[in-house]
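**Q** I am attaching a structure below and will ask some questions about it afterwards.
Just so it is clear, none of the values below were taken in a lab; they were calculated from the coordinates. It should be emphasised that the depicted structure is a prediction, and the values quoted were computed from it without experimental measurement. Quick reminder, even Gly has a Cβ in these numbers, built from the backbone with ideal geometry, and neighbours come from all protein chains shown.
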Amino acid sequence: MTEPVSRALVEAFYEAYKSRDPQRIGEFLDDDVEWHIAGPVEVMRVSGLWRGKAAVIDRFARLIPELIEFKRLETECLLVDGDRSALFGRIASRHLASGRTISHRIAHFARYRDGKVTSLVAMNDSLDAAEQFIGHRVKLVPVDAPADDDLIAI
């Protein structure tokens with residue numbers, strides 16, 4: 001049976017997450033953590049899958065600062081149950097290449113063991129975020145429409 005995580009530990013983890021300090025975040029990570037940020041990697045390079053504490057720390061130390069300047073995470077709801085937590089909120093950053101503010105909904109689903117995060121899955125409102133990253137709305141068309149590089153089939 002898994003041991004429950006305390007709300008205090010989850011809140012401390014999110015304070016470290018908001019700090020964007022890779023070492024502070026690393027204190028909460030299991031050595032074998034899986035960190036999955038859902039989204040179109042081709043548009044949002046902050047999305048993807050990282051395995052292992054070193055890879056996640058590198059994401060925060062190297063990749064993130066190359067792409068965005070984190071502004072804030074507004075938590076609307078934080079649930080802690082057993083060895084898991086779920087967060088729903090809004091994240092805001094500045095896209096460094098364009099200077100645009102990127103702000104969209106996000107949900108986090110985390111799992112803990114022995115006081116460490118063993119997995120985190122983040123679900124972005126990826127269409128909203130992708131449109132903000134590229135700087136314009138994406139035209140959605142039926143699958144049987146003619147191909148166009150600026151269209152996404154639905």
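**Q** Where in region 33-125 are there trypsin sites (Lys or Arg not before Pro) that are in a DSSP coil and have at most 11 other Cβ atoms within 10 angstrom of their Cβ? Mind showing how you got there, number by number?
**A** Working: sites: Arg45, Arg51, Lys53, Arg59, Arg62, Lys71, Arg72, Arg84, Arg90, Arg94, Arg100, Arg105, Arg111, Arg113, Lys116; in loops: Arg45, Arg100.
Within region 33-125, no trypsin sites (Lys or Arg not before Pro) qualify (loop, at most 11 other Cβ atoms within 10 Å).
**Q** Just the number, please: Stokes-Einstein D of region 10-61 in µm²/s, Kirkwood Rh from C-alpha pairs, 37 °C, 0.692 mPa s.
**A** This corresponds to a translational diffusion coefficient of 289 µm²/s.
**Q** Further question: Would you work out the Kirkwood radius for region 49-127? I mean one over the mean of 1/r across all pairs of different Cα atoms, in Å.
**A** Its Kirkwood hydrodynamic radius stands at 13.9 Å.
**Q** Looking at region 1-80, which GluC sites (Glu not before Pro) are DSSP coil and have at most 16 other C-beta atoms within 10 Å of their C-beta?
**A** Working: sites: Glu11, Glu15, Glu27, Glu34, Glu42, Glu66, Glu69, Glu74, Glu76; in loops: Glu27, Glu42.
Sites meeting the loop and neighbour criteria: Glu27, Glu42.
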